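Bear in mind that the values in this text are calculations on the coordinates, not laboratory data. Owing to the predicted nature of the structure, the values given are computational and were not obtained by experimental measurement. A quick note on method: Cβ atoms are made from the backbone with ideal geometry, for glycine too, and the neighbour counts reach across all protein chains shown.
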Amino acid sequence: MSEHERTRDESPWLATTDGPRFSPLEGEYDADVAVIGAGIAGIATATHLKERGRTVAVIERDRVAAAVTGHTTAKVTSQHGLKYDHLIETVGEERARQYADANQAALEEIAERSEGLDAEFERQSAYVYADDASDREQIHDEVQAAKRLGLPAEFAEDGDLDLPFETGGAVRFADQGQFHPRKYVLGLAETIPGEGSEIFEETRATDLDPGDPCRIRTDRGTVTAESVVVATHFPVFDRGGYFARMKTKRSHVVAVRVAGDPPEGMYYNTGEPYRSIRHHRFDGEPLVLIGGENHETGQGGSTKERYDRLESFAREQFDVEEVAYRWSTQDYSPFDSVPYVGRLGPVRENLYVATGFGGWGMTGGVAAGRILEGLICDGQHPNSEVFSPARVNAESAKSLVTHNAEVGAHFTADWAKSLLSGTEATLSPGEGTVVKTDDGPVGVSRNESGEINAVSAICPHMKCVVRWNDGEESWDCPCHGSRFTPEGRVLDGPAIEDLPRRGAREK
Ligand SMILES: Cc1cc2nc3c(=O)[nH]c(=O)nc-3n(C[C@H](O)[C@H](O)[C@H](O)COP(=O)(O)OP(=O)(O)OC[C@H]3O[C@@H](n4cnc5c(N)ncnc54)[C@H](O)[C@@H]3O)c2cc1C
Ligand code: FES
């Protein structure tokens, strides 16, 4: 058996847990608050609301914590790259402190709750290291900024890091953590049903009427509630133009078994190519998780080659015995790099949102849960201002213009290409291509059994042309990050509808 035949194309978090655990909705259900989406943000919010005496209905399209939360690297830290120096400069010290406090409190909440949940939480230091000495100044600035905000930051020399290669030193945050994200979220989810609260898995929200009460239609029935929290990663009911205010960051991970002890600590570098490193013990057996190769969804070339580059890095730096798992997922980043947590839209409806965690949704999702609890139960939360979806700042405005010009360029170029492309190529298993037909651009792919799937190649969100992802065998939209299976089912992103099937084709 070759090395790659042993590699599992899934995340170890999903491979080591089960589900579904909760029944789908049948008919009608009424609760004080409906939470749509059962990732870490949705379940953290539902837990807080239930603890405050509210009844909650959680509606989940698939399984609890099986989407992005089931594919993360699960560092639990208030250290979010070189964040705080930048935040003080762009949003001011008061709001930067709100961000720091919210995330540091979320870390401590996860540590405390993990004790009762078998979530494999372990204290670790978090490091952002400089690739070489030329980045040391940035590192020192970050240490000073984080300290000013009360965070446990200090400068660490290269010799203090447990890495097999040289660095230019690092910002160290002490007493941070890592855990098994799915065990944590499933553990919390088990505490929700009862006393008027319920979780419905395999139940997809399809429509939202913000009346009094709010009414959520699903493919299984209807839920009514006074308030609704949209925690579907990208907000499926986009009443705030979120598609134009965030960009996608797709990222890849390999989990490798190494000879000897894995490195202690959780790592992230300042430069390119970006690499994230931590270890986790699955049933006592350590794997080193190496992440990186970030790019915008649907853009920037072959996914298979990205995995190859991560694996080469792993083999150069560690004595790799086996590549046990590899997987990918994506997160959304607001242009000012602060999540959107608060009212969903500009109108004063009882609709709330938690999105845009920018690769830091473990503490971000839990912090969102606390803030939404405060907004819904008390009408305020001391850390809510910096996360307000209604904020406008110069940085967002500038990036919004540039990004949407790029989206426009993809739209035009891809349509032009698809109309020019002539015939269907000869496809091998795992390949896909967009071809011109009288019905417009059609995405044609061949699966491992040799069968051909044909779907419309026009993204239902805003009509960009999707592109084939050769690593995960999906159709990915370069404009705002929607993703679809080869059969056209929505996997992620602003799109709510599937890609329509096109006529069956010959093998
Ligand atoms: C490669 C990678 C590594 C990362 N590593 C870290 C890390 O080390 N530390 C960290 O803090 N963060 C990390 N992150 C970020 C973090 O994983 C995410 O921010 C977080 O998991 C997002 O949680 P969520 O609850 O918003 O989304 P999700 O977990 O995706 O949950 C949303 C849920 O909504 C459901 N849903 C969607 N549409 C509907 C619908 N119509 N009806 C009903 N349900 C619906 C989905 O099925 C899903 O279960 C990483 C991200 C990536 C991409
Ligand atoms: S995600 Fe917006 S057009 Fe596809």
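Overall form of the chain: rounded. Here a/c, set by the Cα gyration tensor axes a ≥ b ≥ c, is under 1.5.
Using 0.36 nm per residue and subtracting the Cα-Cα separation, the extra length available between Ala259 and Asp498 on full extension is 81.6 nm. Oblate is the label for the stretch 1-135, because the ratio a/c of its alpha-carbon gyration tensor axes (a ≥ b ≥ c) is 1.5 or higher and a/b is not greater than b/c. Annotation: cysteines of the chain without a disulfide-compatible partner (Cβ-Cβ under 4.7 angstrom) are Cys214, Cys377. For the chain, averaging the sequence separation of C-alpha pairs within contact (under 8 Å, six or more residues apart) and dividing by the residue count gives a relative contact order of 17 percent. What is the gain in length, in nm to one decimal, between Arg391 and Arg217 on full extension, counting 0.36 nm per residue of separation less the C-alpha to C-alpha distance? Full extension from Arg391 to Arg217 adds 59.7 nm. Kindly provide the trypsin sites (Lys or Arg not before Pro) of the stretch 452-484 that DSSP labels as loop, not H, G, I, E or B, and whose Cβ sees at most 15 other Cβ atoms within 10 Å. When the trypsin sites (Lys or Arg not before Pro) of the stretch 452-484 are filtered for loop state and at most 15 Cβ neighbours within 10 Å, Lys463 remain.
Exposure here means at most 10 other Cβ atoms within 10 Å; with GluC sites (Glu not before Pro) in a DSSP loop as sites, the longest stretch of the chain lacking them is 196-447. Cα gyration tensor of the stretch 216-325, axes a ≥ b ≥ c as square roots of the eigenvalues: rounded (a/c below 1.5), prolate (a/b > b/c) or oblate? It comes out prolate by the Cα gyration axes.
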